[in-house]
Amino acid sequence: KSAHSPPSWPRPSCRHARPTGERHRGAMCNPTKKRSNSSDLEAAPTPVCGNGSPKAEVKDASLGAYWVKWGVLAILVFQNSAASLLMSAASRAHSAERWNTQTGVILQEAIKAVMCVGLLLHSGGSAEVWEALAPTAEAVKTSIPALLYLFQNNMQYVAVSYLDAATYAILYQLKILTAAMMSVVILRKSLSGMQWIALMVLTVGASVVVVSQMTTNSSSTSSRQGSIVPGVVAVLLACLASGLAGVYFEKLLKGSTVSLWARNLQLALYSLVVGFGGLYQSSGIELLGPDFFKGYTTVVLAAVVNNALGGLLIAVVIKHADTIMKNFSTTLSIIVTTLASVLLFGSRVNCTSALGTALVIYAVFLYGGMTGLLTAQQMLRQVLTSKSKHRVLPF
């Protein structure tokens, strides 16, 4: 080349090159950066709109979890309300012959056993069923909560025969008190100061409800005042058995590898053995034959099936419902039960009873670590968040 030729500068790697780091039409042009080949471009993820996109799958999963969450809430409210109302209606059922509550408890446990066998077959096959039925030391330990639950179920039917559905639903929340006390004694758990206050508020609220019912009954009929005492004693014994059985059952679940359905199957089988033995001792062999279903009506069968399903619902609650949901369902079930008891059975609710009910509801939320204002804010936030995400309200 001649001396007058212009200097040979390096050719830029980009057609419209600019200094490195300067933007050109929304892209970075760097001469020193290695150009991606076609395989790299094919491997890069490309957002896809449609049913098969990752965004759509995440949205569908979120929507499914949303409906499952509120579905569990609806089931909890329905089951808790129906338990009090159906048992109360069954105790007042008019039929030619009176049905035996012991047969109801036995049938209830039989339904639970069949459902547990089906769930075990679905999850792990026949091997899990035979493992649950094996006579091991772990299986023998299940006999203690089985006896307690059997006693609790019988006391529940006794309580609703003396108390109206609303009073029973409110007093039965004392199981929170008994469960907390048993957790402190058996599991060595420590309760916060707020939880102790909640337990005291719960006790005061339940006592106010009892006093209001005694006042109402004494002003209406003097004979009814004496009959409410056995109902209160029965529901207190049911709460005591429920707290002790629940804490002991929790200790068994945490201390072994046996599944929840296997434990429930063992509970049902022990309850069946003891239940049939108690029925034979009290009523003889007559009720072990065709007379087993003597006096049964549609309402009685509905109450038995509902109680059997309620015994297994706890597994679904543990998986899908948080503390707010469980407390919210308890509140709604008390309100629904009270309104339905007034409309269907003619129960009376005075100012004192309403005050006791409000105290019990507040104690339920307070025990979960939520004050009234915080609880309202959390519930409102959940509803508004659900509305903004899915454009629908849960109610």
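The values are calculated or read from the model by the stated rules, or taken from the named source; none is laboratory data. Quick caveat: nothing in here was measured; it's all calculated off a predicted structure. Every residue, glycine among them, receives a Cβ derived from its backbone with ideal geometry; neighbour counts consider all protein chains shown. Calculation scope for accessible area: heavy atoms of the full protein, side chains included, ligands and nucleic acids excluded. Shrake-Rupley method; radii C 1.70, N 1.55, O 1.52, S 1.80 Å.
Details
- Simple spin-label estimate for Glu138 and Ser283 gives 3.6 nm between the two label positions (7 Å along the Cα-to-Cβ direction from each Cα).
- For the range 100-192, the solvent-accessible area with a 1.4 angstrom probe is 44 square angstrom per residue.
- Fully extending the segment from Trp67 to Asn350 would add 98.2 nm, taking 0.36 nm per residue of separation and subtracting the current Cα-Cα distance.
- For the range 238-295 versus the range 176-194, the spacing of their alpha-carbon centroids is 25 Å.
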